[in-house]
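One structure is given below, encoded as structure tokens.
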Amino acid sequence: FINYDEEFVYYDVILKQHNASNVLEIGCGSGNMAKRLLAAGYTYCGMDLSEEMLAIAKQQLPQASFICADMRWFSVATKFDAALIPGRSLSYILTLEDLQKTFNSVYNSLHENGYFIFDVINADKFMPSINSHETIVHTTNDNDKIYSRESIFEINAQNPASAWNWYAVYFVQQEGSSKTEIARDFTTLRSFYKNEIEEVLHQCGFEVVQVNDRPSYAFDTLVFTAKKCKVPVYLSQQ
């Protein structure tokens, strides 16, 4: 359902603005962005928690570097010009403590003055819109087949301020035939507020360079660009 050509063009502009040529993509999945970044000449490494998704990426892009790791605690031997987390993958982080661990790990993966570029679902807009009685449908065409996803969002009882549950059913349909269910999914996610993100970035040694509103196919999104400072703020104040 994501238009990866549009995703690449958007982030390519930001990476070029900051002269980033060596990129770590966190939450790379099966390699959709990797393929486009490599074709554009970036030095690339992809990271994901799913071995199954990485197996697909490695099969499609045997020339690329991929590592299996958790974004909350990882280390890399090579420092990067930029770390990129697209596709609202930070939604899988459910606590501020884990967000700080993630940002610390990213900080340590970057060169001095490196850049951290990522998007999040805008909680200020998304959380008030949740209606558990509403079914949201997204469709896309691929190889003469119509794929659809029927979603229900509901507030998560453990964290009603910013966490939510996503129930999804996936279908495929060929022209002239009825749709067939192919998968079901349930996930608990979190939408962080702008001030929460900015505070944790500051604590972890990043300076916010820019925050852009960017509507996506399903969510109102905020895109952050942050620069690594020489010393994390919480250390420089000790």
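Checking each residue in segment 112-148 for being open to solvent by 30 Å² or more (accessible area, probe 1.4 Å) and in contact with an Asp or Glu (Cβ under 6 Å, 6 or more places away or on another chain) picks out LYS125, SER132, THR135, VAL137. Against the test of being surrounded by 15 or more Cβ atoms within 10 Å (Cβ to Cβ), within 14 Å of ASP119 (Cβ to Cβ) and modelled with pLDDT of 95 or more, the options ALA226, ALA218 yield a single qualifying residue, ALA226. For segment 12-120, the helices (runs of 4 or more DSSP H) that sit wholly inside it and include 3 or more residues that are touching a residue at least 40 places away in the same chain (Cβ under 8 Å) are 96-109. Candidates are the residues of segment 133-147 that are modelled with pLDDT under 95 and outside any strand (DSSP E or B); the one that is farthest from the chain's Cα centre (by Cα) is ASP144. Of the candidates PHE74, PHE80, PHE66, the single residue that is under 18 Å from CYS45 (Cβ atoms), touching a Lys or Arg at 6+ places or on another chain (Cβ under 9 Å) and either of a type in the set (A, V, I, L, M, F, W, C) or open to solvent by 30 Å² or more (accessible area, probe 1.4 Å) (or both) is PHE66. Kindly establish whether GLU7 is open to solvent by less than 50 Å² (accessible area, probe 1.4 Å) and either modelled with pLDDT under 95 or touching a His at 6+ places or on another chain (Cβ under 6 Å) (or both). Yes, satisfied.
Here is a yes/no grid of residues against (1) out of contact with any Pro (no Cβ under 8 Å at 6 or more places or on another chain); (2) more than 19 Å from ILE14 (Cα to Cα); (3) among the hydrophobic types (A, V, I, L, M, F, W, C):
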| site | (1), (2), (3) |
| --- | --- |
| HIS111 | yes, no, no |
| VAL120 | yes, no, yes |
| PHE126 | yes, yes, yes |
| ASN131 | yes, yes, no |
| VAL137 | yes, yes, yes |
| ASN141 | yes, yes, no |
| LYS145 | yes, yes, no |
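Kindly establish whether PHE153 is assigned to a strand (DSSP E or B), open to solvent by less than 60 Å² (accessible area, probe 1.4 Å), of a type outside the set (Lys, Arg) and free of Cβ contacts under 8 Å to residues at least 40 places away in the same chain. Taking the combined requirement at face value, the residue satisfies it. Here is the figure for segment 84-130: residues that are within 13 Å of TRP164 (Cα to Cα) and among the hydroxyl-bearing types (Ser, Thr, Tyr) total 4.
The values are calculated or read from the model by the stated rules, or taken from the named source; none is laboratory data. Everything numeric here is computed off the predicted structure, so don't read it as measured data. Neighbour counts run over all protein chains shown; Cβ positions are idealised from the backbone, glycine included. Surface accessibility is based on the protein's heavy atoms, side chains included, excluding ligands, DNA and RNA. Shrake-Rupley method; radii C 1.70, N 1.55, O 1.52, S 1.80 Å.
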